[in-house]
Amino acid sequence: MPTVGEFIDEYKKTGREAPYLAEVQVAKEILAKAPSKTTPFEVANFFFEVGQGRYGDNWVNYVKEWPVRANPVIVSFFDATTTRKPAGDTTAWCAAFVNWCIQQGAKGRDTTGFAGPTKSAASSSFRSNWGRKLGEDEKPSVGDLVVFKLKSDASHGHVAFFVSDAGKGRIYILGGNQGALAHDNNGEVNIKSVETDSSYWQVVGYFTALELRG
């Protein structure tokens, strides 16, 4: 894990204000507590529970974008990608979050046959040559990946973990960089109900891999 000095130096390069040293230390504690030797979904759910206050009120804001300083937890998700100079927590981080969860969950496991992280900060990196895309007659399981593409720009989109079918063309997804439920920040780790086909985006497909299902 980077030293405190390396954290600060990295944030200064992004042009965003650096987090305080105490904030960096808390971030390191959170990341160190993330589970390993488990499914990526369980890792993602850990961060969701952090945001729900399960580990104390002091950690809640560390799964949300901050208005001024870069959130060191979010920036650390990019360690699982080749994007080493994210613009603080303003760089789209949904794919970085998924990649970090895949990488963290694989620690201590026999990774034979695993798809592994794409190492890309682009959600589109999960659309092809990653895992197995489910057929139209297959239903996704909890923890499978859902990949979206924007209607306005098909090269961009979103990636998250499938939670459940919400009915009426909607699904529940667990992911990072998702619109805040309380509108107190621009993006956070949460579980929310979204449309599978709207004027904004549509589901490209559901993807599974050995590590996603235990």
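Convex hull volume of the Cα atoms of the chain, normalised per residue: 122 Å³. Normalised by 2.2 N^0.38 Å, with N the number of residues, the alpha-carbon radius of gyration of the stretch 61-142 equals 1.24. Here's how it looks for ASN190: its modeled amide H is under 5 Å from those of GLY175, GLN178, which are all 5 or more places away or on a different chain.
Phi angles of the stretch 157-171 translate, via the Karplus equation with coefficients 6.51, -1.76, 1.60 and θ = phi - 60°, into HN-Hα couplings of x, 7, 9, 7, 8, 6, 10, 6, 7, 9, x, 6, x, 10, 9 Hz per residue; Gly and Pro are given as x. Between LEU150 and HIS156, GLY157, the built amide H atoms are under 5 Å apart, and every one of these is 5 or more places off in sequence or on another chain. Given the options PHE46, PHE114, PHE126, state which has the largest fluctuation in a GNM of the chain using a 10 Å cut-off (strictly under) for Cα springs. Between PHE46, PHE114, PHE126, it is PHE114 that shows the largest mean-square fluctuation. The ranking of ILE191, ILE74 by Cβ neighbour count inside 10 Å, starting from the fewest, reads ILE191, ILE74. GNM on the chain, alpha-carbon springs under 10 angstrom: the most fluctuating residue among ALA34, ALA87, ALA166 is ALA166.
Centre-to-centre separation between the Cα atoms of the stretch 22-84 and those of the stretch 147-208: 20 Å.
Which links in LYS139/LYS192; LYS168/LYS192; LYS64/LYS133; LYS119/LYS149 stretch past 21 Å when you go from one Cα to the other?
In this structure, LYS64/LYS133 exceed 21 Å between Cα atoms.
Note on the chain: GNM, Cα springs under 10 Å; of LYS107, LYS133, LYS37, the largest mean-square fluctuation is that of LYS107. One chain, two ends: LYS37 and ASN129. Fully extended at 0.36 nm per residue, the span grows by 30.7 nm beyond their Cα-Cα distance. Per-residue extension of 0.36 nm, minus the Cα-Cα distance of ALA87 and SER155, leaves a gain of 22.5 nm for this segment. In the chain, the calculated helix contribution to ellipticity at 222 nm averages -8000 deg cm²/dmol per residue, counting -39,500 (n - 2.57) for every DSSP H run with n ≥ 4.
Taken together, the values in this text are just the output of simple stated rules run on the coordinates, not laboratory data. Keep in mind the model is a prediction, meaning the values are calculated, not measured. So basically every Cβ, Gly included, is an ideal-geometry build from the backbone, and we count neighbours across all protein chains shown.
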